[in-house]
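The values are calculated or read from the model by the stated rules, or taken from the named source; none is laboratory data. None of the values given here were measured: they were computed from a predicted structure. Don't worry about glycine lacking a Cβ; one is built from the backbone with ideal geometry, like all the others, and counts go over all protein chains shown.
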């Protein structure tokens with residue numbers, strides 16, 4: 001329901017852009033790339049290594065391009081970090097971003113972006129049990145069997161390099177902007193293809 | 001078709017672990033702020049009560065309180081009042097009548113209480129078990145209180161660990177107290193044994209605490225909270241994508257119609 005509400009808000013923005021004039025909506029885009037969640041803040045092995053290197057988590061998405069002034073654009077987008085699955089997967093984890101970015105055209109080939117996202121961490125448990133080591137014996141533990149979503153409002157900053165109808169983009173998301181102790185930063189790298197409407 | 005299959009394999013066939021819960025009904029604290037305290041009458045042979053209390057801060061701030069997608073905030077509460085039988089009583093789940101019948105038990109507590117204990121039956125009579133944790137106070141499916149017992153029987157291994165390792169052990173046991181089970185991933189704090197270097201939570205820990213204590217942001221008052229549902233995420237995703245496409249298509253048609261009108 002929350003998703004639908006937010007999409008309705010995006011649609012309202014888009015319609016507002018449309019009402020401004022027949023050329024108000026420039027086009028739409030599809031993007032593909034990778035996403036790193038909680039950069040440099042997750043332990044990745046038993047030696048204390050953190051996730052401070054490149055990681056490949058496929059991400060896809062789509063968005064609109066709505067010019068507001070000569071230099072400013074409104075760019076509503078949705079991105080989906082695809083879940084990692086294998087035959088033992090008992091929890092399906094999806095990350096969605098519903099993003100409202102404003103882009104400033106610094107140069108013809110360079111956009112600076114700032115905006116906000118609803119970052120939705122959705123986990124769907126399939127239930128079941130696992131027998132795992134516990135001290136010097138084993139015990140049964142339980143996989144979750146419900147669908148839970150954690151919704152954060154993030155501060156987004158990005159830089160986008162354009163060439164013809166393509167672009168490369170680095171997008172960062174700051175979680176818990178106002179809580180220093182739990183502030184975490186995630187980022188995405190996107191290759192985007194734009195189409196005119 | 002082969003290309004599609006290859007693309008699918010590249011995208012989806014990556015290995016992943018999964019967190020577990022320590023019960024089959026997803027129990028968690030109802031309150032998002034939970035006190036962590038050392039029992040006021042706890043006596044440890046290996047660390048002083050003050051040293052034990054000084055480990056609470058790092059155990060919560062370097063691990064569980066860092067998670068941006070979790071609403072749980074653990075609070076260093078220092079010392080609690082005295083807890084009966086904390087040093088030598090048996091720690092029992094509230095529904096385990098066999099355990100409760102064995103002897104003097106530790107009473108139900110509120111929040112998370114840490115103490116040292118010398119009763120071998122809590123640790124399978126093994127000095128190799130570092131600590132045990134049992135949520136021993138429930139209200140319905142919600143945890144009200146949990147007790148962490150550090151193994152203090154003679155020859156225990158806890159006393160031989162470095163301070164950082166002891167902090168990791170306490171952080172691990174706090175993970176059990178808030179409802180998490182073990183992980184198969186040795187990068188996770190909830191792995192069943194201590195590892196060489198513990199710096200941060202692993203991905204399984206973050207996912208687990210985010211599952212049990214999700215952030216329910218209300219987006220500047222524009223929207224309500226997310227409810228727990230049984231709706232598979234696949235349908236949510238497909239629905240959202242379809243809406244996005246529909247939105248784009250509507251705008252395209254609207255723009256065409258407007259252009260026609262101006263000609």
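Quick check on my filter: what residues within the stretch B:162-198 are more than 26 Å from residue B:31 (Cβ to Cβ), within 12 Å of another protein chain (Cβ to nearest Cβ) and in contact (Cβ under 8 Å) with a residue 40 or more places away in the chain?
B:184, B:185, B:194
When the stretch B:90-105 is examined, which residues are found to be touching a helix residue (DSSP H, G or I) at 6+ places or on another chain (Cβ under 9 Å) and closer than 13 Å to residue B:134 by Cα?
B:90, B:91, B:92, B:93, B:94, B:99, B:105 - these are the residues of the stretch B:90-105 that are touching a helix residue (DSSP H, G or I) at 6+ places or on another chain (Cβ under 9 Å) and closer than 13 Å to residue B:134 by Cα.
Test residue B:204 against the criterion of being outside any loop (DSSP other than H, G, I, E, B), within 12 Å of another protein chain (Cβ to nearest Cβ) and either in contact (Cβ under 8 Å) with a residue 24 or more places away in the chain or surrounded by fewer than 16 Cβ atoms within 10 Å (Cβ to Cβ) (or both), and give yes or no.
The answer is yes for residue B:204.
I'd like to know if the stretch B:140-152 contains one or more residues that are surrounded by fewer than 17 Cβ atoms within 10 Å (Cβ to Cβ) and in a loop (DSSP other than H, G, I, E, B).
Within the stretch B:140-152, one or more residues are surrounded by fewer than 17 Cβ atoms within 10 Å (Cβ to Cβ) and in a loop (DSSP other than H, G, I, E, B).
Do we have residue A:191 as surrounded by 15 or more Cβ atoms within 10 Å (Cβ to Cβ) and either within 19 Å of the chain's Cα centre (by Cα) or in a strand (DSSP E or B) (or both) here?
Considered against the rule, which asks whether it is surrounded by 15 or more Cβ atoms within 10 Å (Cβ to Cβ) and either within 19 Å of the chain's Cα centre (by Cα) or in a strand (DSSP E or B) (or both), residue A:191 comes out as no.
Looking only at the stretch B:148-162, count how many residues are farther than 14 Å from residue B:128 by Cα and within 22 Å of the chain's Cα centre (by Cα).
1
Yes or no: residue B:26 part of a loop (DSSP other than H, G, I, E, B) and either buried (at least 19 other Cβ atoms within 10 Å of the Cβ) or under 13 Å from the mean Cα position of the chain (by Cα) (or both)?
Judged against the criteria, residue B:26 is a match.
Residue-wise test of (1) within 21 Å of residue B:33 (Cβ to Cβ); (2) within 14 Å of chain A (Cβ to nearest Cβ).
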site	(1), (2)
B:90	no, no
B:95	no, no
B:109	yes, no
B:123	no, yes
B:130	no, yes
B:134	no, yes
B:143	yes, no
B:151	no, yes
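Would you mind stating whether residue A:29 is modelled with pLDDT of 90 or more and either more than 7 Å from chain B (Cβ to nearest Cβ) or outside any loop (DSSP other than H, G, I, E, B) (or both)?
When the stated conditions are applied, residue A:29 passes them.
Can you find a residue in the stretch B:67-77 that is assigned to a strand (DSSP E or B), crowded, with 22+ Cβ neighbours inside 10 Å and in contact with a helix residue (DSSP H, G or I) (Cβ under 6 Å, 6 or more places away or on another chain)?
The answer is yes; a qualifying residue exists.
Out of the strands (runs of 3 or more DSSP E) lying entirely within the stretch A:122-175, which hold 1 or more residues that are without any contact (Cβ under 8 Å) to a residue 60 or more places away in the chain and more than 30 Å from residue B:121 (Cβ to Cβ)?
The strands (runs of 3 or more DSSP E) meeting that bar are A:147-163, A:166-175.
Would you tally the residues in the stretch B:95-110 being assigned to a helix (DSSP H, G or I) and in contact with a strand residue (DSSP E or B) (Cβ under 9 Å, 6 or more places away or on another chain)?
Counting residues in the stretch B:95-110 that are assigned to a helix (DSSP H, G or I) and in contact with a strand residue (DSSP E or B) (Cβ under 9 Å, 6 or more places away or on another chain) gives 2.
Applying the selection to the stretch A:117-153, what residues are facing another protein chain (nearest Cβ under 9 Å), farther than 28 Å from residue B:132 by Cβ and out of contact with any helix residue (DSSP H, G or I) (no Cβ under 9 Å at 6 or more places or on another chain)?
Answer for the stretch A:117-153, where residues must be facing another protein chain (nearest Cβ under 9 Å), farther than 28 Å from residue B:132 by Cβ and out of contact with any helix residue (DSSP H, G or I) (no Cβ under 9 Å at 6 or more places or on another chain): A:119, A:152, A:153.
Among the residues of the stretch A:78-92, are any touching a helix residue (DSSP H, G or I) at 6+ places or on another chain (Cβ under 9 Å), within 17 Å of residue A:170 (Cβ to Cβ) and free of Cβ contacts under 8 Å to residues at least 60 places away in the same chain?
no
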